[in-house]
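Asks: Sharing a structure, written as structure tokens. Questions coming.
The values are calculated or read from the model by the stated rules, or taken from the named source; none is laboratory data. The shown structure was predicted, so the numbers you read here are calculated from the model rather than taken from an experiment. Counting neighbours? That spans all protein chains shown, and the Cβs are built from the backbone with ideal geometry, glycine included.
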Amino acid sequence: MSTLVFVAVIGAAVLHAAWNALVKSGSDKQVSMGAVVLGHMPIALLVLFFVPMPAFESMPYLAAGILLHFGYQLFLLKSYETGDLTQVYPIARGSAPLIVALFSVTMLGVHLDLIQTLAILIIGGGIISLALVRQADGQKNNQAALLALTTGLFIASYSLIDGLGARISGTSLGFFSCLAIGNGFLMGIYLSLSAQTALKTIATKGRSVFLFGGSASFIAYAIVTWAFTQAPIALVTALRETSIVFALLIGVFFLKERLNLVKVLSTFTTLVGAVLLRFAK
């Protein structure tokens, strides 16, 4: 993995943690999630004026990606309604690189050397260990952990689909922009049916999340989609999930969530995996 791709994906990880914190900290998480997803659409429409449309051969991947992103957003939303950012986010993000790596090696014929495989296992293992985190009352939040793991399955699925689709499309930015628009339409329909006041609230109280959260989320995943075309999908997915480090810092210092030894050790383990991945061939 080149230095440019490495630095770009780390930057995307920071942005990803930031918009997740916005959703988690919102009083109405459905409105916050809707604002982020709908916030993609103005940028995506603007981008399509300057980049080519994706190749027709990538359309099945585009359609599947739209559905998978929507499923991910619904389960992530439910997870945040149940558990802490510093528990939900790591489990959801940490399970994804392990699933992607396993599928890439067994089904796509991708070759990962020993160091790359070890780095992915360390990152995933360090993050998933946060399933051991207990709530403030000392009880394990098993429901949040299960929802977060399901979210991780969606993340792994859309990562693989988007990575393959972006390569086939011939334009990673055009591919993701079309995906963002389709995803935004689905979210708009969902909100209009499930929460009739949500769209109105987004236009008033949710404007800051729409603008800043939507922009951060779009830029973050646009970078990742490009990175999928520059390096193995499994490596990009694993590195992107180092966003747990930034989510932990945001959760502790801004959302005032508890910091304990498990969280510290898990974060350190994740950083070790990221360093190992950077210096792998």
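Asks: Looking at Ala136, Ala131, Ala96, Ala148, which one is at pLDDT below 85 and part of a loop (DSSP other than H, G, I, E, B)?
Replies: Ala136
Asks: Answer yes if at least one residue in the range 175-183 is at pLDDT 90 or above and surrounded by fewer than 23 Cβ atoms within 10 Å (Cβ to Cβ), and no otherwise.
Replies: yes
Asks: Just to check your reading of the model, which residue among Leu45, Leu77, Leu62 is of a type outside the set (D, E, K, R), modelled with pLDDT of 95 or more and more than 19 Å from Ile219 (Cβ to Cβ)?
Replies: Leu62
Asks: Wholly within the range 1-65, which helices (runs of 4 or more DSSP H) include no fewer than the required count, namely at least 1 residues that are of a type in the set (S, T, N, Q)?
Replies: 3-25, 29-38
Asks: Six or more apart or on different chains, Cβ atoms under 7 Å: show the pairs whose first residue is in the range 30-51 and surrounded by fewer than 23 Cβ atoms within 10 Å (Cβ to Cβ) and whose second is at pLDDT 90 or above and not in a helix (DSSP H, G or I).
Replies: Final answer for the pair search is Val51/Thr171.
Asks: Is it the case that Val224 is surrounded by fewer than 22 Cβ atoms within 10 Å (Cβ to Cβ) and either basic (Lys, Arg) or in a helix (DSSP H, G or I) (or both)?
Replies: For Val224, the condition - surrounded by fewer than 22 Cβ atoms within 10 Å (Cβ to Cβ) and either basic (Lys, Arg) or in a helix (DSSP H, G or I) (or both) - is not met.
Yes/no matrix, rows are residues, columns are (1) of a type in the set (Gly, Ala, Ser); (2) out of contact with any Pro (no Cβ under 8 Å at 6 or more places or on another chain); (3) over 30 Å from Ile115 (Cα atoms):
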{"site": "Leu199", "(1), (2), (3)": "no, yes, yes"}
{"site": "Val209", "(1), (2), (3)": "no, yes, yes"}
{"site": "Ser217", "(1), (2), (3)": "yes, yes, yes"}
{"site": "Ala222", "(1), (2), (3)": "yes, yes, no"}
{"site": "Ala231", "(1), (2), (3)": "yes, yes, no"}
{"site": "Thr237", "(1), (2), (3)": "no, no, no"}
{"site": "Val245", "(1), (2), (3)": "no, yes, no"}
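Asks: Can you tell me which condition Ala166 does not meet? The list is (1) outside any helix (DSSP H, G or I); (2) modelled with pLDDT of 90 or more, and all the others hold.
Replies: Going through the list (1) outside any helix (DSSP H, G or I); (2) modelled with pLDDT of 90 or more, Ala166 breaks only (1).
Asks: Looking at Thr201, is it β-branched (Val, Ile, Thr) and either surrounded by fewer than 22 Cβ atoms within 10 Å (Cβ to Cβ) or modelled with pLDDT of 85 or more (or both)?
Replies: yes
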